[in-house]
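This report concerns only the one structure given below.
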Ligand code: ADP
């Protein structure tokens, strides 16, 4: 019976927990809040439109009241010019004559007369003071109730301020259209420049407009009830913007603001999320690091102990075998030294205590020294090492030890991550203002997506081949730190399965 092997990847608990915390605690409440805010802004817009309409209606009501009051004042003024006697007589002909005699427009009224039971014509006023009505209500009662159909009325006051009669009148249509309305608006409407009021005939066209306007869209309208005005229509609008337009503009502005707040919130959330994720990844990498380093330390130590014991006990069959054991001990202790150097350097960098002793450096000499020390162990592991150093390289300002350590890290990686073809090419060249030390291998390569990440501390590529090789994930970050401190850079060119070239690019001394 064959058993099918299957691998089950453990769910990334940390990540999904983080996502659910963010969705539950932050994202959903934010979405709910945005939804409520948008609805609220919409409702507020409707309320605003409604309130502004009410305000416009009220304004128009006050304009009408004012216009009617000014007409009453005008009628009283004209009546006083006409005189009580003619008014009590009430014949239109006589009234017109009196008006003309006073220099007023004789065709002002269609009707103008005074009803005052307590006053007799031609000086025959006999009624006693106490029989006169006390106020308008009493006067109305004496006059027998409601005003006459189609006429306006205004109380006629005696010299003591008590009403003695009722002045009844109706302005002529031509006077209302031609003067009354115009005079009122020209006199009273000066400060209200943001409003436009149009007066139109009940069935006809406009007779007056406070400011010229091309639009027929008025916010509110009302029909005048005063008989002198014969149902004229008043309409009001705002000059620059309509109520709805203004409210929509406010709504747009509010929604834009909400959108901006949401965007900022989203950006903030993303930042927090990515930082927390980063921290989580870092702590996972750190624990991987501890496991890797422990293994890295244990393996060479175990080998060193095993071969040292074998040699000590004299259990070596031949001189060649003894030489091989010494080589292994030497190689493993070199590996240990380099690992420990990396870790120590890295902890110095982290603590901000890493110092470089910079001085004029001959790159060719540093490279030659590293090659001399490591050629033998490299070739022992079956690698071919080709070195090409351009003649007359310019000097660089560098810490020789740190530069050697960076180069060694690159060469070690070239060895660690080569499988089939074991060839290393070390090429040193000069280019405009820089010296380039390139280490090429024909190993497993690095995927494009990981070429930046491998310079982050503890990071090791996801490739399973990489995980067969133990490492600390500290080598390249250290190399990068060294090159940054020298004002240089590390470059990588790599194709998975084809090999990699890592280059140290150092600025030439005196440049910049
Ligand atoms: P370590 O080698 O200890 O894992 P490094 O920081 O030196 O740590 O390297 C980080 C990662 O970069 C490695 O784990 C590997 O995935 C990748 N890498 C570095 N050098 C090479 C190379 N020459 N070829 C392929 N991959 C490499």
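Every number here is computed from the coordinates shown, using simple stated rules; none is lab data. This structure is a prediction, so every number in the text was calculated from the model and none was measured. Here Cβ is always computed from backbone atoms with ideal geometry, including for glycine, and neighbour counts include all displayed protein chains.
Here are a few things to note about the model shown:
- Two-site label geometry, residue 40 and residue 15: point separation in nm, points 7 Å out along Cα→Cβ: 3.7 nm
- Calculated FRET value between residue 301 and residue 379, using beta carbons and R₀ = 25 Å, to 0.05: 0.50
- Label point at residue 244 placed 7 Å out along Cα→Cβ; residues across the stretch 182-226 whose backbone nitrogen lies under 17 Å: 215-221
- Cα long-axis angle, helix 475-485 against the chain (0 to 90 degrees, to the nearest 10): 70 degrees
- Estimated FRET transfer efficiency (residue 404, residue 27; beta-carbon r; R0 51 Å; 0.05): 0.50
- Residue-span extension gain [residue 92 to residue 369] - 0.36 nm each, minus C-alpha spacing: 86.7 nm
- Taking label positions 7 Å along the Cα-Cβ direction at both residue 395 and residue 203, the computed distance is 11.1 nm, reported to one decimal.
- Counting only alpha carbon atoms, the long axis of helix 363-380 and the longest principal axis of the chain meet at about 60°.
- Computed over the stretch 368-442, the range of Cα coordinates on each principal axis works out to 37, 22, 18 Å, biggest value leading.
- Contour excess over end-to-end distance, with Cα ends at residue 288 and residue 312 and 0.36 nm allotted per residue: 5.1 nm
- Axis angle, to the nearest 10 degrees, between helix 243-312 and the longest C-alpha principal axis of the chain: 10 degrees.
- Rough spin-label spacing in nm, given labels placed 7 Å along Cα→Cβ, for residue 275 and residue 509: 4.4 nm
- Nearest-0.05 FRET efficiency for residue 173 and residue 193, computed from C-beta distance (R0 25 Å): 0.25
- Length added when fully stretched, residue 344-residue 362, from 0.36 nm per residue minus Cα-Cα: 3.9 nm
- Listed peptides 395-405, 350-360, 422-432 by packing density, highest first (mean Cβ within 10 Å): 395-405, 422-432, 350-360
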